[in-house]
Amino acid sequence: MMFASLKAVVGQGFAILFAAGVILSAQSLPANAEMPCGPHDKIKAALEKKYNELRKGIGLVSNKNVAEVYVSESGSWTFIVTYLNGMSCVVATGHSWEDAPRVASVKPGI
C-alpha cells in the first residue's frame, strides 16, 4: 500500500499541529464558509503554482483519509485532507509557519 509506511514517517508532533490548525482555523471561519475541494492533483498543483507551497508533512486520518501540510519558504501554509475517492479539501490556511525543533522521544523505563 502506498501509505503503509506513514506511521514511521509521521510523529505525534504533526498530529498535534494539524489538530491545532484545524481547531484554530475553524474558529476564525464564517459560519457559511465552504472548504475548497477538488481532485488532489489539481489542489496540489494550485498550491505549488499560486503560493509556492510544497508538501512538508503527511499523515493518516482515521486510517483512511490522508492529511497533508504544504508550506512555502515565505511561511504561508495550507492543510488539506484527501479522501478515498481522490478528492482533496482545504481544511486550514495560514502564515508565519516555523518548523519546530524535533524533540527526542523517551521510552518508558529509561
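For this structure, a couple of remarks:
- Of all residues making up segment 25-44, the number that are within 16 Å of S76 (Cβ to Cβ) and either hydrophobic (A, V, I, L, M, F, W, C) or modelled with pLDDT of 65 or more (or both): 3
- Within segment 68-107, restricting attention to residues that are farther than 14 Å from E53 by Cβ and in contact with a His (Cβ under 6 Å, 6 or more places away or on another chain), the residue that is modelled with the lowest pLDDT is G86.
- If you go through segment 66-110 and keep only what is touching an Asp or Glu at 6+ places or on another chain (Cβ under 7 Å) and aliphatic (A, V, I, L, M), you end up with V71, I80.
- Answer residue from segment 58-95, given it is among the small types (G, A, S) and more than 15 Å from the chain's Cα centre (by Cα) and is surrounded by the fewest Cβ atoms within 10 Å (Cβ to Cβ) among those: G86
- Any hit, segment 59-77, residues being closer than 17 Å to C37 by Cα and among the acidic types (D, E): yes
The values are calculated or read from the model by the stated rules, or taken from the named source; none is laboratory data. Only a predicted model underlies this, so the values are computations on that prediction, with no experimental measurement involved. Glycine gets a Cβ as well: all are built from the backbone with ideal geometry, and neighbour counts include every protein chain shown.
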